[in-house]
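The values are calculated or read from the model by the stated rules, or taken from the named source; none is laboratory data. Computed from a predicted model, the values in this text were never measured in an experiment. Reconstructed Cβ throughout: ideal geometry from the backbone, glycine too, with neighbour counts over all protein chains shown. These area figures cover heavy atoms from the full protein model, side chains too; ligands, DNA and RNA do not enter into them. Shrake-Rupley method; radii C 1.70, N 1.55, O 1.52, S 1.80 Å.
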Amino acid sequence: MAEIPAKLVKELRGKTGAGMMDCKKALKETEGDLEKAVEWLRQKGISSAAKKEGRVAAEGLVHSYIHVGARIGVLVEVNCETDFVAKGDDFKSLAQDVAMQIAACPNVEYVKVDEIPQEWIEKEKAIEMGREDLAEKPENIREKIVQGRIDKRLKELSLVDQPFIKDQNITVDELVKKTVAQLGENIRIRRFARFVLGEGIEKEEVDFAAEVAAQTGGK
């Protein structure tokens, strides 16, 4: 369909409290029908999640996950509003799913795009602007292409923008929002650490053929 009018996006935001991108997506999915877009956001748990985003979430848990084979480990802190919810099976299940997601996504470095340092973004933009495949293009076209590439790269680094490993039709962000709607509390993924066995260690390369030859007096 045609581009969604900004006025319609603003109206939907006013009705639901959802973010601009969520409202745009809802309107595109419902072909610009405002009431259907409201229902779409409610079904996704996004509107109720948006209303709770400003509430303090200082409880929760630090969850650990060790992948099969014990070569990858994850620690993740997931916050909620009350200790009661933190002890519940649904919240623990969310923390487990998030930890498994982190283990499965080696390129993810941040919880969300907003956490990525601006200096890193500017450096990447400078590199992309200097690519040979863009050298002959007008500057305004180059800027659009580069912005598209940067946006794609930022989402690759962001945990909440990843397709959920158990349901590729939703993102991790949508998974969290669904849980917010289910449990009635603000929930956020605060931070995480991913450990890979042997990562960063320089391993000595062994030439087994040469070693055997040396031991047997061969040349």
Among residues belonging to segment 147-166 that are without any contact (Cβ under 8 Å) to a residue 12 or more places away in the chain and charged (D, E, K, R), point out the one that is nearest to Trp120 (Cα to Cα).
Asp151
Given (1) under 23 Å from Asp161 (Cβ atoms); (2) polar (S, T, N, Q); (3) touching a residue at least 60 places away in the same chain (Cβ under 8 Å), index of the condition Ser93 fails
(3)
Is it the case that Arg190 is part of a helix (DSSP H, G or I), within 14 Å of the chain's Cα centre (by Cα) and surrounded by 12 or more Cβ atoms within 10 Å (Cβ to Cβ)?
no
Select, from Asn169, Asn140, the only residue that is part of a strand (DSSP E or B), open to solvent by 40 Å² or more (accessible area, probe 1.4 Å), at pLDDT below 90 and not hydrophobic (A, V, I, L, M, F, W, C).
Asn169
Does Val108 count as at pLDDT 90 or above, outside any helix (DSSP H, G or I) and surrounded by 12 or more Cβ atoms within 10 Å (Cβ to Cβ)?
yes
Residue by residue through segment 2-45, note down the ones that are within 15 Å of Ala181 (Cα to Cα), polar (S, T, N, Q) and surrounded by fewer than 19 Cβ atoms within 10 Å (Cβ to Cβ).
Gln43
